[in-house]
Amino acid sequence: MNYMRDAKLRRKEKKNKIMIGIIIAVCVIISIYLLAILKVPFMTKVSSTVVSFVDGITGTVTGVFKDGTSFFGNTKKLNKKISELEEELAKTKQLQVELDALEVENEDLRDLLKIEENYSHFEKVYANIISRNYESWNETFVINKGSKDGIEKRQTVIAEQGLVGYISEVNENTSVVTTILEPGTSVSVQISNINKLALIKGEYSLTGSNTVKLVNIPIDTELSEGEKVYTTGIGGLYKKGIPVGIIKSIKNKKNEIDRYAIVETFVNLDSLDMVGIIVK
């Protein structure tokens with residue numbers, strides 16, 4: 001108990017000493033300042049030193065506040081600039097989106113002009129592909145034109161490079177296109193270099209390859225890789241003279257009844273997005 005009381009007394013004595021020291025220092029400063037006012041030469045110099053010291057401390061504190069004010073002001077300007085840059089960036093991104101859309105539109109227009117140029121002797125309606133079935137991606141798809149646009153069943157569907165398929169279903173605003181890759185479909189074709197007729201058929205075994213099977217080849221026909229095939233117009237489903245594809249490989253030997261060839265279609269049906277429908 002005596003130890004705790006002694007500790008309290010020591011702390012009290014220490015505080016008293018500090019207070020006495022502060023009072024003495026203040027008194028000294030005041031005395032020096034008064035002597036300077038009374039024009040005591042030596043004390044004037046001492047007073048000037050003390051006053052300069054006090055002014056220096058005051059100036060430093062003031063500078064800190066001024067710098068702080070400047071810092072916060074600059075931070076506000078910086079935040080405003082960042083907001084302006086973010087706004088400009090957003091506008092740039094929106095502009096890029098619009099430019100990309102225009103590029104797609106221009107590409108569609110170029111495709112349309114090419115179809116028009118290649119098949120100027122046909123009357124056509126142009127349409128965009130709006131949906132595909134994942135399981136039959138390049139075998140059937142839906143276009144954005146229907147009966148109100150003059151679309152009817154069994155009309156020939158083309159692209160810039162050649163034959164795509166035919167209209168298999170029609171609604172007022174949309175239609176379904178079945179392509180020449182659909183298993184079970186067949187097209188009467190003419191082999192260009194030898195002027196011989198045959199058939200191409202969609203095959204399950206060729207699904208996803210943009211190829212079809214060339215069959216019913218006359219026994220005396222001598223085929224070569226690289227020969228092109230075109231529609232004959234026989235059967236009425238497809239117009240005559242439309243490019244179909246090119247012979248990539250020949251299976252079995254000459255004169256064998258069961259020989260066939262693999263034909264790669266001119267149109268890449270996987271990436272197709274616009275078609276023309278021959279209406280007349």
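Hey, how many Å between the Cα centroid of segment 133-181 and the Cα centroid of segment 212-250?
Cα centroid to Cα centroid, the span is 22 Å.
So which of 228/251; 201/251; 153/248; 228/280 end up more than 27 Å apart, counting from Cα to Cα?
Long pairs (Cα-Cα over 27 Å): 153/248.
Determine the dipole magnitude for segment 124-278: charges of +1 sit on the beta-carbon of Lys and Arg, -1 on that of Asp and Glu, nothing else is charged, the reference point is the Cα centre, and the result goes in debye to the nearest 20.
On the way: 17 positive and 18 negative charges, 76 e Å.
In total the dipole reaches around 360 debye.
What order do you get for 220-233, 264-277, 151-164 when each peptide is scored by the mean count of other beta carbon atoms within 10 Å, highest first?
Ranking the peptides 220-233, 264-277, 151-164 by packing returns 151-164, 264-277, 220-233.
Could you calculate the FRET efficiency of residue 132 with residue 192 from 1/(1 + (r/R0)^6), where r is the beta carbon distance between them and R0 is 35 Å, rounded to 0.05? Intermediate values should be presented prior to the final figure.
On the way: r = 31 Å, r/R0 = 0.89.
The calculated FRET efficiency here is 0.65.
With each label point set 7 Å from Cα along the Cα-Cβ vector, what nm distance links residue 204 and residue 264?
If labels sit at residue 204 and residue 264, their model points lie 2.6 nm apart.
No lab work stands behind these numbers, since they all come straight from the coordinates. No experiment lies behind these values; they were computed from the predicted model shown. Every residue, glycine as well, gets a Cβ built from its backbone with ideal geometry; the counts of neighbours run over all protein chains shown.
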